[in-house]
1. Residues being free of Cβ contacts under 8 Å to residues at least 60 places away in the same chain and under 17 Å from the mean Cα position of the chain (by Cα): count how many of those fall in region 214-236.
2. Could you grab the pairs with beta carbons closer than 8 Å, sequence gap of 6+ or different chains, first residue in region 98-120 and in contact (Cβ under 8 Å) with a residue 40 or more places away in the chain and buried (at least 24 other Cβ atoms within 10 Å of the Cβ), second one part of a helix (DSSP H, G or I) and of a type in the set (S, T, N, Q)?
3. Would you say Thr5 is touching a residue at least 24 places away in the same chain (Cβ under 8 Å), surrounded by 21 or more Cβ atoms within 10 Å (Cβ to Cβ), among the hydroxyl-bearing types (Ser, Thr, Tyr) and within 16 Å of the ligand (Cβ to nearest atom)?
4. Filter region 156-174 down to residues that are among the aliphatic types (A, V, I, L, M), crowded, with 22+ Cβ neighbours inside 10 Å, within 16 Å of the ligand (Cβ to nearest atom) and farther than 20 Å from Val238 by Cα, then give me how many there are.
5. Does region 102-114 hold any residues that are away from the ligand (no atom under 16 Å from the Cβ), part of a strand (DSSP E or B) and out of contact with any Cys (no Cβ under 6 Å at 6 or more places or on another chain), and which are they?
6. In this structure, does Pro96 turn out to be assigned to a loop (DSSP other than H, G, I, E, B), within 16 Å of the ligand (Cβ to nearest atom) and under 21 Å from Val134 (Cα atoms)?
7. Can you work out which of the residues in region 237-277 that are more than 21 Å from the chain's Cα centre (by Cα), surrounded by fewer than 24 Cβ atoms within 10 Å (Cβ to Cβ) and more than 21 Å from Ile476 (Cβ to Cβ) is nearest to the ligand (Cβ to nearest atom)?
8. What's the total number of residues in region 121-155 that are under 17 Å from Cys43 (Cβ atoms) and without any contact (Cβ under 8 Å) to a residue 24 or more places away in the chain?
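Throughout, read-outs are computed from the coordinates displayed, never taken from laboratory work. Because the structure is predicted, anything quoted here is derived from the model rather than measured. Here the Cβ is made from the backbone with ideal geometry for all residues, glycine too, and neighbour counts use every protein chain on show.
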Amino acid sequence: MRVFTAALATETNTFSPIAVDKRAFEASLYARPGEHPATPTLCTAPITVGREVCAREGWTLIEGSASWADPAGLVARATYEELRDEILEQLRAALPVDAVVMGLHGAMVAQGYDDCEGDLLARVREIVGPDVLVCAELDPHSHLTRKRVTAADFLVAFKEFPHTDFVDRARDLWAIAVRTLKGEIKPVMSVFDPRMIDVFPTSRQPMRGFVDQLYALEKSEPNLLSLSVIHGFMAGDVPEMGTKIIALTDDREDLGDTLAERLGRELFAKRGTFMVPQVNEAEAVEQAMAATSGPVVIADVWDNPGGGTAGDATVILADLIRRGISDVAVGTIWDPIAVQICFAAGEDAEIPLRFGAKSAPHTGNPIDRLVRVNRLVRDAQMRFGDSYAPFGDAAWISFDGIDVILNSTRAQSFDPSLFSALGIDPKSRKILLIKSTNHFYDSFSKIAFEIIYCAAGKPYPNKPAETAYRKAPRNIWPIVEDPWGA
Ligand SMILES: [Zn+2]
């Protein structure tokens with residue numbers, strides 16, 4: 001057998017001011033055929049798992065290019081077309097093939113393309129014809145369009161959020177592909193649309209139980225190959241935005257339809273209960289001040305660069321300053337210009353500095369202060385599980401008992417080591433103000449006396465009922481209360 005594999009992925013927040021070009025891919029991951037490293041980057045796991053599977057089966061794996069850009073705004077048209085056509089050209093050169101196994105994200109939007117993955121999969125199908133197996137792994141924060149479902153034989157999404165299972169799901173994808181190529185099964189996709197959009201962390205109830213149920217069903221139900229929940233991505237203003245259920249069966253569409261609908265209706269019944277309750281900035285600061293010990297972690301949950309925002313909002317910091325609160329460390333605020341100024345001034349300098357809130361509306365105002373530059377670090381990085389996440393050249397500045405880390409590469413606050421990287425002991429501060437929705441929890445909960453989830457300003461379109469969508473569907477909860485009525 002000859003199998004072609006490639007990856008093209010990013011998560012597009014169409015409301016984000018951070019435009020994406022080829023350099024954004026090169027900065028995160030851009031690997032030409034055969035140059036992909038041994039360890040996968042989220043959406044590229046089908047390539048590394050494919051190497052193992054094809055070696056074991058004695059099959060030929062033909063690798064195409066793999067690219068990943070960190071979540072941000074719209075992808076430039078020329079960039080998408082260049083990366084897409086590069087892969088399609090490699091596929092043409094690889095023909096004949098028995099299968100195409102892709103690593104995609106599923107929420108990529110480019111100028112002029114609302115459905116990049118649908119476009120790419122349809123072009124792949126056109127090249128290989130109807131009889132070659134086409135399948136892909138997806139991030140659940142994606143849009144499941146009809147075009148993709150039509151073009152692909154099957155799709156498998158990560159089940160966990162945080163996405164701890166992207167390699168396991170790539171193994172599922174390949175296992176189903178292998179059985180299909182050996183003629184043992186005939187995968188058929190059933191899709192159900194529960195007419196909703198929500199955020200579904202699987203680290204807490206009720207989503208934990210729901211996902212455990214999916215694993216249990218996959219084990220117990222004969223003829224069921226895989227279940228996926230496409231969470232949807234509310235920051236992508238596209239015509240088919242929303243939550244979807246995929247049930248993949250061995251030629252049992254009736255079983256798949258029944259399961260997908262049952263699970264979809266169960267999810268709809270639990271709408272609005274999945275996220276941790278959040279307070280506004282005033283409540284967050286009061287709650288932190290009232291704490292009898294520290295550190296109290298205030299998570300600025302919606303100004304999360306991991307969701308494509310700039311990560312430079314100052315709403316909560318301004319509240320802390322206004323109340324004269326000290327013993328605070330902020331990590332981080334993205335401001336490459338301010339970082340450049342600090343590097344020019346040098347360590348121990350005292351300078352007037354304007355920083356933060358320069359990139360988008362509803363994120364507060366820039367802060368003007370006479371600051372002391374304490375420490376400058378080139379190419380700073382923090383821990384993230386077993387790996388490291390870079391946050392660029394960084395400056396530790398302080399004023400009025402408040403320490404702020406300014407960074408030049410957008411990064412969410414994964415781990416307390418972002419503070420120690422600049423010489424601040426995170427355990428020594430009463431309040432730690434960070435930017436992350438969900439991924440921070442594992443590491444920060446180990447040092448936090450208390451964690452406060454704060455929704456401050458409007459850096460991210462997190463209230464779909466209030467978001468000025470132009471293309472997203474109207475008849476979904478919570479844009480309407482009852483999309484199943486009338
Ligand atoms: Zn995701």
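1. Residues meeting the conditions: 0.
2. Gly103/Thr44
3. In short, no.
4. Looking only at that region, the number is 2.
5. Met102, Tyr113
6. So Pro96 does not fit the description; no.
7. Leu259
8. Residues meeting the conditions: 0.
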